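**Q** Here it is, the structure in full.
Just so you know, all these numbers are worked out from the coordinates, no wet-lab data involved. Since we're looking at a predicted model, the values are computed, not measured. Backbone-built Cβ (ideal geometry, glycine too); neighbour counts: all protein chains shown.
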Ligand code: SF4
């Protein structure tokens, strides 16, 4: 502190050094006082008495304008948890009571801050607060070691909490408590923070993201745009509040209160909006890392996303299609229903939202010119079993390499589970055919209504002269719950239900429909059932965890909720109520989280004793996963993995049966 107030002893040798190169430096009047203000950054758990003492020392003995950094816990457990869990959906983040217990409470903070303001006034100085520190939460991730009980929350959720704390303080102090702000500030909210009267708005981790210090330009651009015709910040504050220029404190308070309410509903601050679970890449950091786009890493087919996006940007859609097709054998299908793992890792999330990579693929594929008939391959014969995306992809690669490929498909149409079960509102009729056209142009033959195990077996293919066989049959047999009565009328497997709906001969469901599961298939079942009933049926998705833990695509979950479909959370199926061979209802047991987590950090649900309740149902659809059906090997013992799927070499895809290869869901 001494040196910060009088840096002569440090400055002199530096000036002398500089003057050796540029003598005029010696004549520059450089202030020896580094700063006349200081911010006290207190640690979590710092006793209030000590905070007061240090601040008084800085004011009275050091003569420094003083700001003290507050913890977000000041807002109190109810408000903090309400914003975090209820408003923004970060239900898996646990703020333990002890985080509040050892920090300053609001009721104690107010007299402390009032006293310090008075001290500052007496000294002719300014006193204020800086908002905020990070929020202490339970350590559930693997970043810190398991010995660490706590980790520290920042970013989007902290922003909403701290803005609401600022608004509360502004109310209590009638806008007269000077504040500076740093929690989750970015170029989009910086103008709002300035309009809210923050004396300084500071940004730190945001500048560590893509773009670095260049990101600051956008802070200025956005602030300038938000200010409109306002000549300065003071006018901006008044104009934003719609009040007369003059009472800065009142105007800033209005802006702050309005923005605080907005943050609690801001889609961009909500957990559900972003999939951050895979926002890191395992790829080794290279010297020129930026050249390898993370979207390509995230994509299962290593799609060259930047290249096709660039072509789209230039308006060259034909070229974009060409680039896409180079890596991707089924781009029309994937443009519609890919789980788009490229998007959560998109660096654009460091600014606002990921680029719509999948939607843009769909856009360009809708403009694809269909291929003309192509080559006549003359290489060895390969049989591909299954005309789903995996089978089509394998056929494409093989045909391109010169093999003569024939596909055997059990249904009268192609597409596998994708083409047969994904509802038409997500995958319209004709999209599968678009991808098929490419392989047909390469000379691939498709035999429909030829089911492996029913119409032919492995030895038959060998007799027909196929040198190799690629098994890409997917996993088609729905898993059961293991409850008594699952063969009763009204209980069915998700794939059966979806396939019948897609074939336009839907099964009768009645008006009370339950779906067990939380993946994309469960979402498809629920939304299809709701549509088939014309919005009349009561459709309930029954899940043993909470909505935020659902593995389904965020977009699908959001659509489900938007359509008014009910999710019965924390409910575990116990018993099927069957009368005269017909389903009447499902008895479930309530679950609860008790604070323990599994190895991946997910909360473990536990049964609550004596909590059974019944969901009355006409139909129950099981969407809990599928088994592979492997009845066509005809005695040739294929080795299975621990989960009952075919064991295949991860590089060559060859199975334990020579000449037989397998991929996709059948190897899981
Ligand atoms: S949408 Fe799917 S296929 Fe396309 S780039 Fe993303 S992950 Fe890859």
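**Q** Please compute the contact order of region 480-626 in relative form: average sequence separation of alpha-carbon pairs under 8 Å and at least six residues apart, divided by the residue count, as a percent.
**A** Values: 297 pairs, mean separation 45.7, N = 147.
31 percent.
**Q** Taking every pair of distinct Cα atoms and averaging 1/r, then inverting, what Kirkwood hydrodynamic radius in Å comes out for region 465-534? Provide the component values of the computation, followed by the final result.
**A** Values: mean 1/r = 0.0712 Å⁻¹.
After inverting the mean inverse Cα-Cα distance, the result is 14.1 Å.
**Q** Also, I was wondering about something else. Across region 348-485, what fraction of all alpha-carbon pairs, as a whole percent, falls in each successive 10 Å bin from zero upward?
**A** 11, 34, 30, 16, 7, 1
**Q** When ranked by the protection proxy of mean other Cβ atoms within 10 Å per residue, highest first, what sequence do the peptides 537-546, 624-633 form? Intermediate values should be presented prior to the final figure.
**A** Numbers: 537-546: 22.3, 624-633: 17.1.
Result, highest mean first: 537-546, 624-633.
**Q** Shifting gears a bit: If I model a spin label as a point 7 Å beyond the Cα along the Cα-Cβ vector, how far apart are those points for residue 221 and residue 636 in nm?
**A** Here the modelled spin labels are 6.0 nm apart.
**Q** In whole Å, what are the Cα extents of region 193-332 along the three principal axes, biggest one first?
**A** Here the Cα extents, ordered largest to smallest, are 64, 33, 30 Å.
**Q** Any chance you could tell me what percent of the C-alpha pair distances in region 1-86 go past 19 Å?
**A** On the way: 2204 of 3655 pairs.
Within region 1-86, distances greater than 19 Å cover 60 percent of Cα pairs.
**Q** Over the Cα atoms of region 480-626, what Rg and Dmax result, in angstrom?
**A** Looking at region 480-626, its Cα Rg and Dmax stand at 14.9, 46 Å.
**Q** When each pair of different Cα atoms in region 289-365 is counted once in the 1/r mean, what is the Kirkwood radius in angstroms, to one decimal? Don't skip to the end; give the middle numbers.
**A** Values: mean 1/r = 0.0816 Å⁻¹.
Over region 289-365, the inverse of the mean reciprocal pair distance is 12.3 Å.
**Q** Taking Cα atoms, how many degrees apart are the long axis of helix 215-227 and the longest axis of the chain, rounded to 10 and kept between 0 and 90?
**A** That works out to roughly 70 degrees.
**Q** What percent does the relative contact order of the chain come to when contacts are Cα pairs within less than 8 Å and at least six residues apart?
**A** Working: 1202 pairs, mean separation 56.9, N = 668.
RCO, the chain: 9 percent.
**Q** Using Cα pairs closer than 8 Å and at least 6 residues apart in sequence, work out the relative contact order for region 1-97, in percent. Spell out each step's value before the answer.
**A** Details: 67 pairs, mean separation 20.7, N = 97.
Value for region 1-97: 21 percent.
**Q** Related question: Jot down the radius of gyration and Dmax of region 546-668, Cα atoms only, both in angstrom.
**A** Radius of gyration, then largest Cα-Cα span, for region 546-668: 20.2, 56 Å.
**Q** Out of every Cα pair in region 38-271, what percent are spaced more than 26 Å from each other?
**A** More than 26 Å apart: 39 percent of the Cα pairs in region 38-271.
**Q** A further question on this structure: Which distance in Å, rounded to a whole number, links the C-alpha centroids of region 394-432 and region 308-355?
**A** Each part's Cα centre sits 21 Å from the other's.
**Q** Could you tell me the center-to-center distance, by alpha carbons, between region 530-563 and region 61-116 in angstrom?
**A** Taking the Cα centre of region 61-116 as reference, the centre of region 530-563 is 36 Å away.
**Q** Let me ask you something else. Just the Cα atoms of region 132-259, one point each, no solvent: what log10 I(q)/I(0) does Debye give at q = 0.11 Å⁻¹?
**A** Reported log10 I(q)/I(0), two decimals: -0.44.
**Q** So, one more: What does the convex hull of the alpha-carbon atoms of the chain project to on average, in nm²? Write out the running numbers ahead of the final one.
**A** Values: hull surface 160.5 nm².
Averaging across all directions leaves 40.1 nm² for the Cα convex hull.
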